[in-house]
1. Give segment B:80-120 a look and list any residue that's among the polar types (S, T, N, Q), open to solvent by less than 20 Å² (accessible area, probe 1.4 Å) and without any contact (Cβ under 8 Å) to a residue 12 or more places away in the chain, or say none.
2. Which of (1) more than 7 Å from chain B (Cβ to nearest Cβ); (2) over 22 Å from B:Val103 (Cα atoms) is the odd one out, the single condition A:Gln58 does not satisfy?
3. Can you confirm whether A:Ala72 is open to solvent by less than 10 Å² (accessible area, probe 1.4 Å), within 17 Å of the chain's Cα centre (by Cα), aliphatic (A, V, I, L, M) and at pLDDT 95 or above?
4. So, in segment A:82-112, how many residues would count as being among the charged types (D, E, K, R) and not in a helix (DSSP H, G or I)?
5. When only residues in segment B:149-166 that are open to solvent by less than 10 Å² (accessible area, probe 1.4 Å) and under 15 Å from B:Glu194 (Cα atoms) count, which is farthest from the chain's Cα centre (by Cα)?
6. Select from segment A:131-145 the residues that are aliphatic (A, V, I, L, M) and more than 16 Å from the chain's Cα centre (by Cα) and write down the one among them that is surrounded by the fewest Cβ atoms within 10 Å (Cβ to Cβ).
7. With respect to A:Leu67, determine if the residue is more than 8 Å from chain B (Cβ to nearest Cβ) and either closer than 30 Å to B:Ala55 by Cα or buried (at least 23 other Cβ atoms within 10 Å of the Cβ) (or both).
8. Checking B:Val60 against (1) out of contact with any Pro (no Cβ under 9 Å at 6 or more places or on another chain); (2) not in a strand (DSSP E or B), which test does it fail?
Number of protein chains: 2
Amino acid sequence: MLFYYAVKTVSLASHIALEEVGADYESRLVDFATQQQRSADYLGINPKGRVPALATSQGVITETPALLVYIAQTHPDSVLALPADPFAFAKLQEFNNYLCATVHVNHAHRMRGSRWVDDEAAMAAMRAKVPQTMAESFRLIEEEMLRGPWVLGEDFSVCDCYLFTISNWLAGDKVDIDQFPEVAAHAARMREREPVRRVLGLHGIE
Amino acid sequence: MLFYYAVKTVSLASHIALEEVGADYESRLVDFATQQQRSADYLGINPKGRVPALATSQGVITETPALLVYIAQTHPDSVLALPADPFAFAKLQEFNNYLCATVHVNHAHRMRGSRWVDDEAAMAAMRAKVPQTMAESFRLIEEEMLRGPWVLGEDFSVCDCYLFTISNWLAGDKVDIDQFPEVAAHAARMREREPVRRVLGLHGIE
């Protein structure tokens, strides 16, 4: 398998998952600085021009929640094994989707405002609200979602790879992670894991 | 099970899925006109103050992609049975996530701009770009994703419930669905299904 990623993007979550399960894969850096995600070659892999993308023998998979579950499902004896109970699996998916469709979207209004507006004043208005929307999302995560020590409780899961990735964005979004002690402790716990440490440098994270 | 929905929202997708599988459930309308989604009672069910939400004997599930898969997974002998192959399941999830995190988000910039900005000029700038972003998303769906006759090919799936729901928003977003003949034919095909017809009226759709 070939895993396409870019520095300081959500692709870190799937990259951690691949390391956690001991997947047989190679990494391919997509250089956003030179707009490589818009090249004809890359659009042939992912027509959306985004990362992550995972090229498998059956075809290419994109979208973080889909990829995380695929990686877990194809490694059923790993630490990321999925819950067999449909309700437990739904709660895992619910968490991933909240990160994907609400929290990541809130964050994207800081740097990717041109997706939704064309004028600079509106982009500035978007950037201005990001500290508030991200803090509100993490308040909900802290109080309602993160059970501890891991997102889903005692069992480590793909949700942990994903939460850690997005909690790394808080400082840049001008949100003090220490307002959320459970989230901060979770991030510290993740940084102690060997599979996490192996890929942080590739993503430009100290 | 109790299914919480609101008129003209994404909750239609899960409502169709419940009907398609013949689920044992009751519907509960959440009245957005009176801000019922922000009431203490409803926030006790879904602290996010959104729909859909499904109250099961094990607890409440939210987020459309999580709900759709839960409904399908708990009805394995139904028309919405999930593919057993992990890659095929990942493609189903990839499609749902594109609708959730990109297409629905594009659409939300027309009516829900206050999620991301506070000033009216920026909200107007957001509304102005919605026809373009929705058309771009549906171009990609038409050309790259919708295999026909159903989203995933020959097999009907939860993706069809979801695509139909969002393609209903195009007219309001000032996008002519007839630019996308495969999407338009898909919507017409969906409207012929008895389970779909049973819930359209509840959602204020003719």
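The values are calculated or read from the model by the stated rules, or taken from the named source; none is laboratory data. This structure is a prediction, so every number in the text was calculated from the model and none was measured. Please note: Cβ atoms are built from the backbone with ideal geometry, for glycine as well, and neighbour counts cover all protein chains shown. Note: areas computed on protein heavy atoms with side chains; ligands, DNA, RNA excluded. Shrake-Rupley method; radii C 1.70, N 1.55, O 1.52, S 1.80 Å.
1. Just the residues of segment B:80-120 that are among the polar types (S, T, N, Q), to begin with: B:93, B:96-97, B:102, B:106, B:114.
Imposing the further condition that a residue be open to solvent by less than 20 Å² (accessible area, probe 1.4 Å) reduces the set to B:93, B:96-97, B:106.
None; the set is empty.
2. Answer for A:Gln58: the failing condition is (1).
3. When the stated conditions are applied, A:Ala72 passes them.
4. 2
5. So, considering only residues that are open to solvent by less than 10 Å² (accessible area, probe 1.4 Å) and under 15 Å from B:Glu194 (Cα atoms), the one farthest from the chain's Cα centre (by Cα) is B:Asp160.
6. Taking segment A:131-145 first, the residues aliphatic (A, V, I, L, M) are A:134-135, A:140-141, A:145.
Keeping just the survivors that are more than 16 Å from the chain's Cα centre (by Cα) gives A:135, A:140, A:145.
Values: A:Ala135: 18, A:Leu140: 16, A:Met145: 21.
The extreme case among them is A:Leu140.
7. The answer is no for A:Leu67.
8. (2)
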